[in-house]
Amino acid sequence: MKLPAPVPAGPGQESVWAYPRPPRLERTHRYLEIWLGGQRIAATTGAYRVLETSHPPTYYLPPLAFAPGTLERAAGRSTCEWKGEATYWTLRGGAAVAVAAGWSYEVPTPAFRDMAGFVAVYAGRVDECRVDGERVTPQPGGFYGGWITRDVVGPFKGEPGSVGW
């Protein structure tokens, strides 16, 4: 399958086509927020992001970034060839419940051990997620959990026609 032409990155932007495969873990001190049920349920400047070719960054927040009572283990597991076995989390905020809207790697592979227990959230399953105050756009396709901001350009895995990238 032919890969798409990357959108040229402008000043202050990153192209997801410059991200590595296998993916890379890096610390981020950007201000991340997650909102559900009209309440901010998580906020931190001490997270990780995973960068993988064709994917917008996926942010992993420390469990202590979440307000008490907002995280509850959910049914189901999946396996990532790079990170290991995922545990799923249901999120609660206000009167809202987002079943299996988050996931973590409790015992990740060695390359990702620093983010053990950190929780990523599907932006499309909560009211909103923000990076430095900017409301993110969820990565397309439903399966992927990247957060799109104006400082990353695609095209992104999950868009129509991206099967096989």
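Values quoted throughout were computed directly from the atomic coordinates according to the rules given, and no laboratory measurement underlies them. Since this is a predicted model, take the numbers as computed values, not measurements. Ideal geometry is used to build each Cβ from the backbone, glycine not excepted, and the neighbour counts take in all protein chains shown.
Both the radius of gyration and Dmax for the range 44-102 are 12.9, 37 Å, in that order, over alpha-carbon atoms.
Calculated on the Cα set of the chain, radius of gyration then Dmax: 15.2, 47 Å. Maximal additional length on extending the HIS29-ALA5 stretch stands at 5.6 nm, based on 0.36 nm per residue less the C-alpha distance. Among the GluC sites (Glu not before Pro) within the range 84-165, those in coil by DSSP and having at most 15 neighbouring Cβ atoms inside 10 Å are GLU106.
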